[in-house]
Structures are given as structure tokens and as C-alpha cells.
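Enquirer: Sharing a structure with you now.
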Amino acid sequence: MMAVYVMWLRELKRFIRSKSRIVGSLGQPLLFLLALGYGLGSVFQAAGQGNYIEFLAPGIIGMTIIFTSIFNGMQVIWDRQFGFLKETLVAPVSRLSIMFGRTLGGATVATLQGCLVLFLTLFVGFHPDNWALVPFAILIMLLIATLFSALGMMVASLLRDMQGFQLIMNFLVMPLFFLSGAIFPLAQAPALLQLIAHFDPLSYGIDAMRLILIGQTAYGLPLDIAVLAAVAAVFLGLGSYFFSRIQI
């Protein structure tokens, strides 16, 4: 447990010290909120769907979390190329503890960034229906972040170069985001898109946040949490297995 805590704290300190990373991570969410929220808001409202900013905000928070958490794996490749990972792996602790610590550290960082974006949405017109439920939304953010941080660690454990990691992650991240219902209601989507969304774990995370924050849902909270927890457990298991087999 001590090794997990040390790795978690290391990732958190690295994030806090990187002010440019904090500021840079807010640019894309703000762009989406302003460009889509105000650009398509009148169209969304004319279609009888209500306030688009309120609908869009949970999706943009989910986007921030998935981008941050899944690219946490890039740090593993960076450390591997420059020899820092070797120093970590020769320490008298299990690789499982190292993997869990890095995963939880990346998930915590992604959750903090999600909270920052949630705070910023208040300035563009978003207001949760019930402030007392916001802590539960943060727990959902942490669950989403853990899932995709474990996925990033799993992929990074299989690769040796950053270019390959970036290509694979870009191939995964954008479809996962755009097909999750983050920017359009799944209930009114074509049947094919609804079917694809069923296999996208981010769909359930955004749906859970949307239910908690604004009272709208496509699947229901029990199913959302069950799918997120199950997929997170699978990726944690696979990530642990592949990380334990890393050859330095």
C-alpha cells in the first residue's frame, strides 16, 4: 500500500508543478463549450431540447477526463525511453503496486481537471440542478478517470515509442468521445449510433454525470455505475498483467 501511495503522490506532485499543463488542459474544453454551446444553442433549443449549455457541460467534463487520463500512459513510455522506469522497477516493491499507484495518480489528476472544467462551466451558463449531488458527480468522474487511466497504462505497457502510443490513442479517444452522446442526445440518435454507444464505456460515464447534474439519463444510474465498474476492473486487470511483463 505504501508503494501505491508513493506513486500516486508522485503523479499528483508532477501535475501540480506543471502550471502549463494545467492551463493548457483547459483550452480545448473552453473552445468546445463556447463554440458548440453558443454556436448550436439556438438550434438545440429550437428543436425543443432545452438549454444546450446544460446538456453539453457534462459531456465536455467527460472529454477532459478521458483525454487527461488516457494519455497518462505516455509518461510510462517517456520513463521507459529515458531509463527512469528501470529505476522504479528495480525497487523492492511489486510491479502491481507501481501500476496501481500510477493509474490512481493519473485518475486523480484527470478528476481534478474535470473539477476545474466543472467550475469553469458555471461562467458560461451551466448550473447543476442540485448542488448537494455534485460530490457524487465527482465520484463518477474518478471512476471514469480510473477506467481510462488503466486503459492508457495497458496500451503503454505494450509499446516502446511515443509516436505509436499517440497514434493508437488518437484513434481511440476521438471516436470514444464523439460516439458517447457527449454532444448530442442518444435518445434521438439513429439506431446505429445508439447501438455503437452501448459499447462505448464513456457513454455510461457521461450519462451518469448528466443524470446527477441535470436530471437527464438514457440508461439509468445503476447500469451506468455497473458498466463503468466492470470495465474499469477489466482494464485494471489487463493493465496489471501487461505492466508486469514489461521488458526493460
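Enquirer: Here are the criteria: (1) modelled with pLDDT of 70 or more; (2) within 22 Å of Ser244 (Cβ to Cβ); (3) among the small types (Gly, Ala, Ser). Tell me which single one Gly59 does not satisfy.
Expert: Single failed check for Gly59: (2).
Enquirer: Okay, moving on. Looking only at segment 208-222, decide whether some residue is assigned to a helix (DSSP H, G or I) and surrounded by fewer than 16 Cβ atoms within 10 Å (Cβ to Cβ). If you could, list the steps in order and put the result at the bottom.
Expert: Of all residues in segment 208-222, those assigned to a helix (DSSP H, G or I) come to 208-214, 221-222.
Narrowing the set further to residues that are surrounded by fewer than 16 Cβ atoms within 10 Å (Cβ to Cβ) leaves 221-222.
Taking every residue of segment 208-222 in turn, at least one turns out to be assigned to a helix (DSSP H, G or I) and surrounded by fewer than 16 Cβ atoms within 10 Å (Cβ to Cβ).
Enquirer: Report, by residue number, each residue of segment 174-197 that is of a type outside the set (A, V, I, L, M, F, W, C) and closer than 23 Å to Leu142 by Cβ. Quick ask: steps written out before the conclusion?
Expert: As a first pass, look at segment 174-197 and keep what is of a type outside the set (A, V, I, L, M, F, W, C): 175, 180-181, 185, 188, 190, 194.
Hits for segment 174-197 are Ser180, Gly181.
Enquirer: Only one of (1) modelled with pLDDT under 85; (2) over 30 Å from Ile246 (Cα atoms) fails for Gly101. Which number is that?
Expert: (2)
Enquirer: OK, next. Could you check, for segment 156-176, whether at least one of its residues is under 17 Å from the mean Cα position of the chain (by Cα), small (Gly, Ala, Ser) and at positive phi?
Expert: no
Enquirer: For Ala230, state whether it is in a loop (DSSP other than H, G, I, E, B) and among the small types (Gly, Ala, Ser). Working first, answer last.
Expert: Values: in a loop (DSSP other than H, G, I, E, B): no; among the small types (Gly, Ala, Ser): yes.
So Ala230 does not fit the description; no.
Enquirer: Let me ask something additional. Among residues belonging to segment 131-165 that are polar (S, T, N, Q) and in contact with a helix residue (DSSP H, G or I) (Cβ under 8 Å, 6 or more places away or on another chain), point out the one that is nearest to Thr68 (Cα to Cα).
Expert: Taking segment 131-165 and keeping what is polar (S, T, N, Q), we get 146, 149, 157, 163.
Right, trim to in contact with a helix residue (DSSP H, G or I) (Cβ under 8 Å, 6 or more places away or on another chain) and you get 146, 149, 157.
Values: Thr146: 11, Ser149: 8, Ser157: 17 Å.
So, considering only residues that are polar (S, T, N, Q) and in contact with a helix residue (DSSP H, G or I) (Cβ under 8 Å, 6 or more places away or on another chain), the one nearest to Thr68 (Cα to Cα) is Ser149.
Enquirer: A follow-up question, please. Can you find even one residue in segment 173-182 that is surrounded by 14 or more Cβ atoms within 10 Å (Cβ to Cβ), modelled with pLDDT under 85 and not aromatic (Phe, Trp, Tyr)? So that I can check it myself, show each step before the final result.
Expert: Here is the first cut: in segment 173-182, the residues surrounded by 14 or more Cβ atoms within 10 Å (Cβ to Cβ) are 173, 176-182.
Then keep just the ones that are modelled with pLDDT under 85; that gives none.
No: segment 173-182 contains no residue that is surrounded by 14 or more Cβ atoms within 10 Å (Cβ to Cβ), modelled with pLDDT under 85 and not aromatic (Phe, Trp, Tyr).
The values are calculated or read from the model by the stated rules, or taken from the named source; none is laboratory data. Everything numeric here is computed off the predicted structure, so don't read it as measured data. Methodologically, a virtual Cβ is constructed for each residue, glycine included, from the backbone with ideal geometry; neighbour enumeration extends over all protein chains shown.
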